[in-house]
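None of the figures in this text is laboratory data; all of them are computed from the coordinates on show. Here the structure is a predicted model, which means the values were calculated and not measured. Virtual Cβ from ideal backbone geometry, glycine too; neighbours counted across all protein chains shown.
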Amino acid sequence: MKRLLQIIGLLVVGLGLFVGVALLSGRQAPLDLVELAEKRHAVELESSLVAVNGVRLHVVQAGPKDGPPVVLLHGYPELWFAWSAQIAHLARAGFRVIAPDQRGYNGSDKPAAVEAYAMPMLVQDIVELTQQLGHEQVYLAAHDWGGAVAWYLALEHPERFTKLVIFNAAHPLAWGDAKRANPDEETVSWYRTFFQLPWVPELVGRLGNWRMLTGSLRSSSREGAFTDEDLDAYRYAWDRDGSMHAMIQWYRAGFRDPYLPQGDGNVKVPTRIVWGMQDKFFAPSMAEFSLKHCADGSLRTLPDATHWLLHEEPQLTSDEMIEFFRAAPR
């Protein structure tokens, strides 16, 4: 019994040291990301909190107030700042750009419950955001997890979205298509399984000044895609008010309560898919599988771009949006 108590005591001490080191390692000094983006891209930005669906979303806007509105939805582990180059290009092209931190991220509210990050909640956030800002219809562009939300927005609220641009985010039915086409191919990444553990991913992520996350961003992108300044901005956002826990809750909610489209899942909103073919997270075939579920869709592939094409090709991705949004309906 004495030996057992000693072992338990050592485990408790070790766990305490691990938690303490992780918390201290991940601490960041405050940064003004709006000011940083303004200086970097010579664009004037407006930052505000907008109450929607029981939470407050931090929203960055730019461009003429009477310009055609464009909503930009970021993915994991990013924030509105991921679109900073595209915000500047779109604003200069005359669009009214709206880039929220989605719930759980950076400056937006971070509800505690896993259920608060279920897909219907995420979709309703953006519907109410467009309403609160006074827009009956908007253009929509999205990446990664933001793309998952955008697919459902287009499916469930097509009347509110004029056109959709998707950057490396699979249609929700594409996962089943991929599994049927290649039954032996793994479609669930290790990190999505790891994220189901309680609190461990949040603490491990903080170790070494967020080394795992920053290392993953750089190892899965082209050289130079993420500058030291970018990663400092991200570290601050990850550390802010328990953001990392809330961000991982998106994965837990998706795992515990899978949400599939009603009906045939066919997207009626005119859609442009732009896909970096060197994506280490999603197979290139996911782009074609996604296109199958678009009634009026087109696909642009970028052979040398990765999952992080917004950072690697800021001008090209901006031009894709501008040209597609401006083009007359077919």
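Of note:
- Counting only alpha carbon atoms, the long axis of helix 243-256 and the longest principal axis of the chain meet at about 80°.
- When only alpha carbons of the range 105-239 are considered, Rg and Dmax amount to 17.4, 48 Å.
- Reachable lysines, given that their alpha-carbon falls under 29 Å from the alpha-carbon of Lys39 and they are not under 8 places away in the same chain: Lys65, Lys110
- All Cα pairs of the chain, percent lying beyond 30 Å: 33
- Here the range 304-327 and the range 223-246 have alpha carbon centers that stand 22 Å from each other.
- Sequence-distant contacts, meaning Cα pairs under 8 Å at least 6 residues apart, place the relative contact order of the range 2-326 at 20 percent.
- Antiparallel DSSP beta bridges within the chain, percent to nearest 5: 30
- Anchor Lys292: lysines whose Cα lies under 29 Å away (excluding residues fewer than 8 positions away in-chain): Lys163, Lys179, Lys268, Lys280
- Placing pseudo-labels 7 Å out from each Cα toward the beta carbon at Phe281 and Leu299 gives an inter-label distance of 2.0 nm.
- The Stokes-Einstein estimate for the range 230-294, based on a Kirkwood radius over Cα pairs and taken at 10 °C with 1.306 mPa s viscosity, is a diffusion coefficient of 104 µm²/s.
- Value of Rg to Rh for the range 72-122, rounded to two decimals, is 1.07; Kirkwood radius and Rg both from alpha-carbon coordinates.
- Packing-based exposure ordering (other Cβ within 10 Å, fewest first) of Ser48, Ser108: Ser48, Ser108
- Annotation: amide H-H contacts under 5 Å for Ile273 (H modelled 1.01 Å from N, sequence separation of 5 or more, or interchain): Ile166, Ser298, Leu299, Arg300.
- Relative to the longest principal axis of the Cα atoms of the chain, the long axis of helix 119-132 lies at roughly 50 degrees.
- Ranking of Arg222, Arg211, Arg96 by neighbouring Cβ atoms within 10 Å, starting from the fewest: Arg211, Arg222, Arg96.
- Across all C-alpha atoms in the range 85-177, the radius of gyration and Dmax reach 13.7, 40 Å.
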